[in-house]
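The values are calculated or read from the model by the stated rules, or taken from the named source; none is laboratory data. Every value quoted in this text rests on a predicted model; they were computed, and no experiment measured them. A quick note on method: Cβ atoms are made from the backbone with ideal geometry, for glycine too, and the neighbour counts reach across all protein chains shown. To get the accessible areas, we keep the full protein, side chains included, count just its heavy atoms, and leave off ligands, DNA and RNA. Shrake-Rupley method; radii C 1.70, N 1.55, O 1.52, S 1.80 Å.
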Amino acid sequence: MGEHHGPMKGIKRWLYATNHKDIGAMYLWFSFIMFLTGGALAMIIRAELMYPGLQLVDPNFFNQMTTTHGLIMVFGAVMPGFVGLANLMVPMMIGAPDMALPRLNNWSFWILPFAFSLLIIAIIQSFLGISDAPNFGWTFYAPLSTKYGPASTDFFIFSVHMMGISSIMGAVNVIVTIFNLRAPGMTLMKMPLFVWTWLITAFLLIAVMPVLAGAVTMMLTDRHFGTSFFDAAGGGDPVLFQHVFWFFGHPEVYIMILPAFGIVSAIIPTFARKPLFGYASMVYATASIAFLSFVVWAHHMFTVGLPLAGNLFYMYMTMLIAVPTGVKVFNWVATMWKGSMTFEVPMLFAIAFVILFTIGGFSGLMLAITPVDQQYHDTYFVVAHFHYVLVSGAVFSIIAGVYYWLPKWTGRMYNIGLAKLHFWCSLIFVNLLFFPMHFVGLAGMPRRYSDYSLQFADFNWWISIGGFGFGVSQLILLWILIDICFRKKGEAVSDQVWEGAEGLEWTLPSPAPYHSFTTPPVVK
Amino acid sequence: MQSFAKRCSSIGLALATVTSTSVFAEWQLDMTPGVTEVSQQVFDMHRTMLWWCVAIGVVVFGAMFYSMIMHRKSKGHEASQFHESTSVEIAWTVLPFVILILMAIPATKVLIAMSDTDDSALTVKITGSQWKWHYEYLDWEGQGGLDLDYYSILSTPSEEIIRPVLASGLFPKNTAKDSYREDGIYPERDELYKRDVDKPLIIPTGRKVRFLITSDDVIHSWWVPDFAIKKDAIPGFINELWTLVPEGKEGIYRGQCAELCGKDHAFMPVVVEARSVEDFEKWMVDAREAQKAEALAAANSLDKTFSKEELMAEGEKHYVARCSACHQANGQGLPPTFPALAGSKVALGAVADHIDIVNNGKNAMPAFGSMLSPKEIAAIVTYERNAWGNTPSDGIDVVQPRDVAK
Ligand code: HEM
Ligand SMILES: [Cu+2]
């Protein structure tokens, strides 16, 4: 055995981190902190919307809350959460010692805190009443954002550029790692689904983050250098902005869900004690969803006045996505069918994921029908839809993944009682929070409203209660994580951890060694 | 100190209202059923989709719960190890496909119908602007040149929309709102809170009405749920849509702006009143008369000289209706986006600049020259130059309509 070097000491270990587990852990903590921050902003939104009338904040400040909430949740909580899991798990799942490009990995993480500081400084200034934070929605449509945006828009543009650079570097690293560092004998069709979904996600990231960078760069030149990409008076077109944005934005929402498919496809077989049903069709379904995601962007634009042929094309393509997505859900159900199921915490979250994500999928199916979508569009029905897929979908899957692999990372079992409490509180409140949004949306409450008329009052009160409850429930998770990570509580676990678990990561000791596989395992 | 105590008490009041229970609301659970043929079809399609989803949900979740209950380890159920079945997988790929085709057919039909704007009797141009709608009647049964247009703005008085405790941010200094109601109790609220306008759009029933939609600042979206029409108003471009309210369905139909358009996005309702063709034509004649008379009065006002008192009184009225949403009733504005007018450079500087900015707008400030008469603008400028202890530096504290029209 050659010279073994462990982690550096103190702060340097983290600043100069090149180890996939250190970086993965930092990503996950960053994501969790952003989740709580974005959640706090959501609590302000829900406090204002608890009653009709304006009682807490001014509408302009309200718009800053929704905007920053959306941006932080998408780019700060969900995406880094998945990247953290990829960093931690991909090398362990393919039998590699680390990620292929560790130094790049360090950069792609450390860019993030700087990118988000720009947004957070703007929002703190706004809290203090000094200046305005971005207030044009996470979709920042022109010309509201270009001609009417506050000064902080330039910082927002810079921040988006940095996030994009970080994501692309992370994606390159994932692809290179998967292509080059697989253990002998691990063919592509033997890779765990989490690895597959991340491989496809990484390609999506590389394809679309430059598009986002292009959009914000055009904004920047429109704002300061006299171009008029998005200004009809100068020969441009505000709708062009939407096309560019959603050409990025639609694949982006799949970036936020494909890795989730991978996570639950790891968890369900473990606790059903049965192999995943239809592995091959899962892979093909994931690939076709990713492919289709590039030809449906305009379904976010059914009311901008596309030509009839355009509306029809995007409607058909969007409906088509339901087919591979349906295949995935059916496969998960078939995996549970005739299993020998137990309901440990990761499984609870995974099952909740399947059910609630499917409900989000149903409303998605309804949204695909263009003439009806023109009614749903920009109402709370849409807010309900995307929170079902993002919160009880993406976020639940990240939490499930953390509960599933945490014992492997730390070598100890977390407090199961508290974790179950966390699950049940989250489950109840998330539905109280988002289900009634379908009703107020159908009844006609538009989204991004700082105030609403009286017929929406009762439901909004319940929605807010659900929101506060869901927010508080996440503090249980915070406590569980502090307990196990910093206070080193919890009983030691075996290498296998879960009875039915399969995969290379479970052949490693718990806690997993600093350099995961120093000799590559052979996969038969 | 004073203001800190005040702020605490107003936050207390806000909390008090927040903890009392509400008893507003009818409980509408589903989409608004249609009034027009198209919106009825849209509603039916929505219901059909909903039932498909429920049916699929029952099957999928049913299977899941069945296996969660029956196939659990604690019941001693052994796991079987099957993990593939080509026939099953083909079946559940093809079946959804068939359902989708079944849905795509009616959807295509309705979509084609929705985009056919030919043979309309009335054409109205709708322009969205922050935060009101401008309606121009362009053509009625081929007559053209109707010369009829007006703005439609929220009519809920601003005292009724309880002002927020905090004017900007959460912890800004000295921004507790005076206008927050001391008793902390909601004013009498009518059902139409925030959903009514001063002048609704009037259209005839039984005739196809075509709308041309555009915007003069940001993107708005004009939405009337009962007609199932929602289309974006995009600056520099014109979108088309149409509706046909059947005879016998005369009445008032309400909607709201559906695209984030800035601060007062939540405060630009759409109200459409459908009248029988005779009533519509009668209304149109009257409205055009009234508009002519107004234009005449505005032209005459250019020769008149009004007293300061008269201008101040009228100015205050218009200021509250048009300007106070941003610059606030007390003239303090909401900096940094909406500057204060009390003691401001523009309001106290050269009168020509002051008039210019009201006429032509700047950044987030709309151009009022096209919306208000010279007399109204003269009154507003006079008011702004004298209210809140303002004293103009150029000594000009009264502005006459002819100064504005220059
Ligand atoms: C604590 C739980 C959460 C609550 C109470 C909550 C609540 C809300 C509310 C009230 C809105 C404003 C809707 C509107 O007026 O249009 C909103 C918007 C949004 N939320 Fe959440 N949310 C939560 C978690 C999340 C998470 C985890 C995500 C993850 C991606 C997310 C993504 C978004 C996005 C993208 C928007 C749109 C922002 C915009 O309109 O520009 N939310 N949320
Ligand atoms: Cu609007």
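Which pairs turn up if I take residues in the stretch A:441-464 that are within 14 Å of ligand 2 (Cβ to nearest atom) and look for partners that are in a helix (DSSP H, G or I) and among the aromatic types (Phe, Trp, Tyr) with beta carbon separation below 6 Å, at least 6 apart in sequence or on another chain?
Cβ pairs passing all conditions: A:445/A:380; A:445/A:456; A:447/A:380; A:450/A:62.
When you check residue A:40 against the structure, is it more than 14 Å from chain B (Cβ to nearest Cβ), under 24 Å from the mean Cα position of the chain (by Cα) and assigned to a helix (DSSP H, G or I), yes or no? Let's see the steps before the verdict.
Working: more than 14 Å from chain B (Cβ to nearest Cβ): no; under 24 Å from the mean Cα position of the chain (by Cα): yes; assigned to a helix (DSSP H, G or I): yes.
No.
Go through A:64, A:55 for me and flag whichever is part of a loop (DSSP other than H, G, I, E, B) and buried (at least 24 other Cβ atoms within 10 Å of the Cβ).
A:55
Of the residues B:206, B:236, which is at positive phi, open to solvent by 10 Å² or more (accessible area, probe 1.4 Å) and in contact with a Leu (Cβ under 9 Å, 6 or more places away or on another chain)?
On the way: B:236 fails: in contact with a Leu (Cβ under 9 Å, 6 or more places away or on another chain).
Among B:206, B:236, only B:206 is at positive phi, open to solvent by 10 Å² or more (accessible area, probe 1.4 Å) and in contact with a Leu (Cβ under 9 Å, 6 or more places away or on another chain).
So that you can scan it fast, the table gives a plain yes or no per residue for (1) at the interface with chain A (Cβ under 7 Å from one of its Cβ atoms); (2) within 16 Å of ligand 2 (Cβ to nearest atom); (3) over 23 Å from residue A:359 (Cβ atoms):
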| residue | (1), (2), (3) |
| --- | --- |
| B:60 | yes, no, no |
| B:76 | no, no, yes |
| B:94 | no, no, yes |
| B:115 | yes, no, yes |
| B:134 | no, yes, yes |
| B:140 | no, no, yes |
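Return the residue satisfying two criteria in turn: it lies in the stretch B:267-319 and is among the polar types (S, T, N, Q) and in contact with a strand residue (DSSP E or B) (Cβ under 8 Å, 6 or more places away or on another chain), and of such residues it is least open to solvent (accessible area, probe 1.4 Å).
Of all residues in the stretch B:267-319, those among the polar types (S, T, N, Q) come to B:276, B:291, B:300-301, B:305, B:307.
Among the residues that remain, those that are also in contact with a strand residue (DSSP E or B) (Cβ under 8 Å, 6 or more places away or on another chain) are: B:276, B:291.
On the way: B:276: 26, B:291: 48 Å².
Only one residue fits best here, namely B:276.
Taking only the stretch A:269-281 into account, find how many residues are more than 10 Å from every other protein chain (Cβ to nearest Cβ) and surrounded by fewer than 23 Cβ atoms within 10 Å (Cβ to Cβ). Let's see the steps before the verdict.
Pass one, the stretch A:269-281, residues more than 10 Å from every other protein chain (Cβ to nearest Cβ): A:270.
If we keep only those that are surrounded by fewer than 23 Cβ atoms within 10 Å (Cβ to Cβ) as well, we get none.
Of the residues in that region, 0 qualify.
Being open to solvent by 10 Å² or more (accessible area, probe 1.4 Å) and within 11 Å of chain B (Cβ to nearest Cβ) is the requirement here; does residue A:309 meet it?
Values: open to solvent by 10 Å² or more (accessible area, probe 1.4 Å): yes; within 11 Å of chain B (Cβ to nearest Cβ): yes.
Answer is yes for this residue.
Restricting attention to the stretch B:240-283, report how many residues are within 27 Å of residue A:380 (Cα to Cα), part of a loop (DSSP other than H, G, I, E, B) and more than 16 Å from ligand 1 (Cβ to nearest atom).
Number satisfying all stated conditions: 1.
Whether any residue in the stretch B:234-250 is small (Gly, Ala, Ser), in the same structural domain as residue B:212 (by the TED database) and over 24 Å from residue B:141 (Cβ atoms) is what I want to check. Steps first, please.
To start, the set of residues in the stretch B:234-250 that are small (Gly, Ala, Ser) comprises B:236, B:248.
From what is left, the residues that are in the same structural domain as residue B:212 (by the TED database) are B:236, B:248.
With over 24 Å from residue B:141 (Cβ atoms) added as a condition, the list becomes B:236.
So far as the stretch B:234-250 goes, yes, one or more of its residues are small (Gly, Ala, Ser), in the same structural domain as residue B:212 (by the TED database) and over 24 Å from residue B:141 (Cβ atoms).
State yes or no: is residue A:400 among the hydrophobic types (A, V, I, L, M, F, W, C) and under 24 Å from residue B:265 (Cβ atoms)?
Values: among the hydrophobic types (A, V, I, L, M, F, W, C): yes; under 24 Å from residue B:265 (Cβ atoms): no.
So residue A:400 does not fit the description; no.
Quick one: what pairs do we get from the stretch A:214-225, first residue in contact (Cβ under 8 Å) with a residue 40 or more places away in the chain and under 14 Å from residue A:238 (Cα atoms), second among the charged types (D, E, K, R) and open to solvent by 30 Å² or more (accessible area, probe 1.4 Å), C-beta under 9 Å, 6+ apart or different chains?
A:222/A:147; A:222/A:231; A:223/A:147; A:223/A:154
Say whether the condition of being within 16 Å of ligand 1 (Cβ to nearest atom), polar (S, T, N, Q), buried (at least 24 other Cβ atoms within 10 Å of the Cβ) and at negative phi is met by at least one residue in the stretch A:93-107.
First pass over the stretch A:93-107, keeping only residues within 16 Å of ligand 1 (Cβ to nearest atom): none.
Taking every residue of the stretch A:93-107 in turn, none turns out to be within 16 Å of ligand 1 (Cβ to nearest atom), polar (S, T, N, Q), buried (at least 24 other Cβ atoms within 10 Å of the Cβ) and at negative phi.
Hey, can you tell me all the residues within the stretch B:244-263 that are surrounded by 14 or more Cβ atoms within 10 Å (Cβ to Cβ), over 22 Å from residue B:192 (Cβ atoms) and more than 11 Å from ligand 2 (Cβ to nearest atom)?
Answer for the stretch B:244-263, where residues must be surrounded by 14 or more Cβ atoms within 10 Å (Cβ to Cβ), over 22 Å from residue B:192 (Cβ atoms) and more than 11 Å from ligand 2 (Cβ to nearest atom): just B:244.
Taking interchain pairs and intrachain pairs at least six residues apart, which have beta carbon atoms under 6 angstrom, with the first residue in the stretch A:108-134 and aromatic (Phe, Trp, Tyr) and the second open to solvent by 40 Å² or more (accessible area, probe 1.4 Å)?
From the stretch A:108-134, the pairs are A:127/B:171.
Quick check on residue B:154: is it open to solvent by less than 30 Å² (accessible area, probe 1.4 Å), at pLDDT below 95 and on the phi < 0 side of the Ramachandran plot? Write out each step before concluding.
Working: open to solvent by less than 30 Å² (accessible area, probe 1.4 Å): no; at pLDDT below 95: yes; on the phi < 0 side of the Ramachandran plot: yes.
For residue B:154, the condition - open to solvent by less than 30 Å² (accessible area, probe 1.4 Å), at pLDDT below 95 and on the phi < 0 side of the Ramachandran plot - is not met.
Does the stretch A:108-142 hold any residues that are within 24 Å of the chain's Cα centre (by Cα), within 16 Å of ligand 1 (Cβ to nearest atom) and within 14 Å of chain B (Cβ to nearest Cβ), and which are they?
A:122, A:123, A:133, A:134, A:135, A:136, A:137, A:138, A:139, A:140, A:141
Would you mind telling me which numbered condition in (1) more than 8 Å from chain B (Cβ to nearest Cβ); (2) touching a strand residue (DSSP E or B) at 6+ places or on another chain (Cβ under 9 Å); (3) surrounded by 22 or more Cβ atoms within 10 Å (Cβ to Cβ) residue A:301 fails?
Status for residue A:301: all satisfied but (3).
Quick one: in the stretch A:351-392, which of the residues that are aromatic (Phe, Trp, Tyr) and closer than 28 Å to residue A:339 by Cα is nearest to the other protein chains (Cβ to nearest Cβ)? Show your work before the answer.
So the first thing to find is which residues in the stretch A:351-392 are aromatic (Phe, Trp, Tyr), and the list is A:353, A:357, A:362, A:376, A:380-381, A:386, A:388.
Add one more test, that the residue is closer than 28 Å to residue A:339 by Cα, and what stays is A:353, A:357, A:362, A:388.
Values: A:353: 12, A:357: 12, A:362: 4, A:388: 13 Å.
In this case the residue turns out to be A:362.
Among (1) within 24 Å of residue B:232 (Cβ to Cβ); (2) of a type in the set (S, T, N, Q); (3) more than 9 Å from ligand 1 (Cβ to nearest atom); (4) open to solvent by 10 Å² or more (accessible area, probe 1.4 Å), where does residue A:145 come up short?
(4)
Just to verify a result, which residue in the stretch A:63-98, among those that are touching a Pro at 6+ places or on another chain (Cβ under 6 Å) and more than 16 Å from ligand 2 (Cβ to nearest atom), is farthest from the other protein chains (Cβ to nearest Cβ)? Steps first, answer last, please.
First, the residues of the stretch A:63-98 that are touching a Pro at 6+ places or on another chain (Cβ under 6 Å): A:67, A:82, A:93, A:95, A:98.
Filter once more, keeping what is more than 16 Å from ligand 2 (Cβ to nearest atom): A:82, A:93, A:95, A:98.
Values: A:82: 25, A:93: 19, A:95: 23, A:98: 32 Å.
Ranking the qualifying residues of the stretch A:63-98, first place goes to A:98.
Go through the stretch A:182-223 residue by residue and tally those that are assigned to a helix (DSSP H, G or I), out of contact with any Phe, Trp or Tyr (no Cβ under 7 Å at 6 or more places or on another chain) and not aliphatic (A, V, I, L, M).
11
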